[in-house]
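For reference, the structure is listed below as structure tokens.
The values are calculated or read from the model by the stated rules, or taken from the named source; none is laboratory data. Quantities reported herein were computed from a predicted structural model and do not represent experimental measurements. Backbone-built Cβ (ideal geometry, glycine too); neighbour counts: all protein chains shown. Accessible surface areas use protein heavy atoms only, side chains included; no ligands, DNA or RNA. Shrake-Rupley method; radii C 1.70, N 1.55, O 1.52, S 1.80 Å.
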Amino acid sequence: IICNMPSRNTVRQDLAESYYRVYARGVNRGDIFRNSPDKDYFLYLLARYLSAKPQSNKQGYCYPHFRGQLELLSYCLMGNHFHLLFYQIREGALSDLMKSIMVAYSAYFNRKYALRGPLFESRFKAVLINKDDYLLHISRYIHLNPRSWKYFPYSSLAYIRKGNEPDWLQTGRLLSQHVSRAAYLEFVGDYEQYKRTLDEVKRELVDL
């Protein structure tokens with residue numbers, strides 16, 4: 001597939017062997033996922049490009065294959081935005097992947113709902129993560145996005161809890177920083193309790 005190159009400013013620091021937090025939201029904060037099938041299709045696209053085995057369509061046309069160039073560590077799909085956490089192995093791979101996913105998903109969405117024009121407010125945003133402790137907090141932030149985060153079906157935490165990650169979701173680098181999966185789940189939950197306590201304290205101070 002011959003794709004147009006993404007904006008050079010999409011990833012300001014495009015480095016190999018680096019972690020990136022990636023996110024994008026809908027135009028005017030509108031929904032990019034209206035229902036579960038929409039989210040399923042987005043996950044299908046992640047699998048299309050990141051599975052161990054290259055994928056092709058019914059006509060035998062091979063899709064771009066980014067296995068060995070990128071690792072998806074965690075994700076969360078919300079109504080009007082998504083969060084992804086990547087480890088980029090090859091410089092430029094992240095931009096190439098996101099170009100493929102966002103073009104394909106926008107075409108699917110506009111065709112399904114008979115719409116025209118851009119779906120996303122911009123191509124995507126990518127933030128370089130250069131500290132291990134920041135990496136841990138980012139993964140926790142991603143998984144705590146939904147209110148019912150413990151059993152939210154469109155978060156990588158659902159796979160991490162069961163230990164049944166598909167091959168396109170490579171959580172090894174993330175989980176290696178904890179002694180066990182249970183320890184990671186406890187790490188995520190500890191912050192939720194801390195945040196709840198902090199919010200309660202703030203409310204009490206306002207009432208004084």
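What is the sum of charges, Lys and Arg at +1 and Asp and Glu at -1, for the other residues whose Cβ falls under 15 Å from the Cβ of Leu97? Local charge sum for Leu97: +3. Once R0 is set to 35 Å, what does the formula 1/(1 + (r/R0)^6) return for the Cβ-Cβ distance between Ser148 and Arg111, expressed as a FRET efficiency to the nearest 0.05? About 0.70, to the nearest 0.05. Taking the protein heavy atoms of the chain in the context of the full set of protein chains, the accessible area attributed to carbon and sulfur is 50 percent at 1.4 Å. Would any residue of the range 14-39 have its amide N under 16 Å from a label point 7 Å out along Cα→Cβ of Glu91? List them or say none. What the label zone holds, given the 16 Å backbone N cut-off, is 14-19. In sequence order, the range 18-24 has phi-based couplings of 9, 9, 9, 8, 10, 8, 7 Hz under the Karplus curve 6.51 cos²θ - 1.76 cosθ + 1.60, θ = phi - 60°, and Gly or Pro positions carry x. Taken one residue at a time, the phi angles of the range 145-159 give Karplus couplings (6.51, -1.76, 1.60, θ = phi - 60°) of 4, x, 4, 9, 5, 4, 10, 5, x, 10, 9, 5, 4, 4, 6 Hz. Gly and Pro are set to x. Stretching Gln55 away from Leu128 to a fully extended chain increases their span by 23.4 nm, per 0.36 nm per residue minus the current alpha-carbon distance. Between the range 76-109 and the range 158-181, the alpha-carbon centres lie 20 Å apart. When Rg and the Kirkwood radius Rh are both evaluated on Cα atoms of the chain, their ratio Rg/Rh stands at 0.98.
Rounded to the nearest 500, the 222 nm mean residue ellipticity of the chain from helices alone is -13000 deg cm²/dmol, with -39,500 (n - 2.57) taken per DSSP H run of at least 4 residues. May I ask for the net charge around Tyr49, where only other residues with Cβ less than 13 Å from the Cβ of Tyr49 are counted and Lys, Arg are +1 while Asp, Glu are -1? It works out to a net charge of +1. Label zone (Tyr141, point 7 Å along Cα-to-C-beta; backbone nitrogen cut-off 19 Å) within the range 73-101: 73-88. Counting only heavy atoms of the protein chains and using a 1.4 Å probe, His81 has close to 40 Å² of accessible surface.
When both bridge partners sit in the range 34-114, DSSP labels roughly 90% of those beta bridges antiparallel.
Out of every Cα-Cα pair that the range 54-169 contains, those further apart than 22 angstrom amount to 44 percent. Averaged over its residues, the range 57-171 has an accessible area of 47 Å² per residue, based on protein heavy atoms and a 1.4 Å probe.
Note on the range 142-195: Cα convex hull, mean projected area over all directions, 3.8 nm².
The C-alpha atoms of the range 90-141 occupy a region whose extents along the principal axes are 44, 25, 14 Å, arranged from largest to smallest. Each other residue within a Cβ distance under 11 Å of Phe152 adds +1 if Lys or Arg and -1 if Asp or Glu, for a net charge of +4. In this structure Lys39 has an accessible area near 30 Å², from a 1.4 Å probe over the protein heavy atoms. Placing a label point 7 Å from the Cα of Asn35 along the Cα-to-Cβ direction, the residues of the range 63-90 whose backbone N falls under 18 Å of that point are 78-80. Between Tyr191 and Asn28, the simple label model (points 7 Å from Cα in the Cβ direction) yields a spacing of 3.3 nm.
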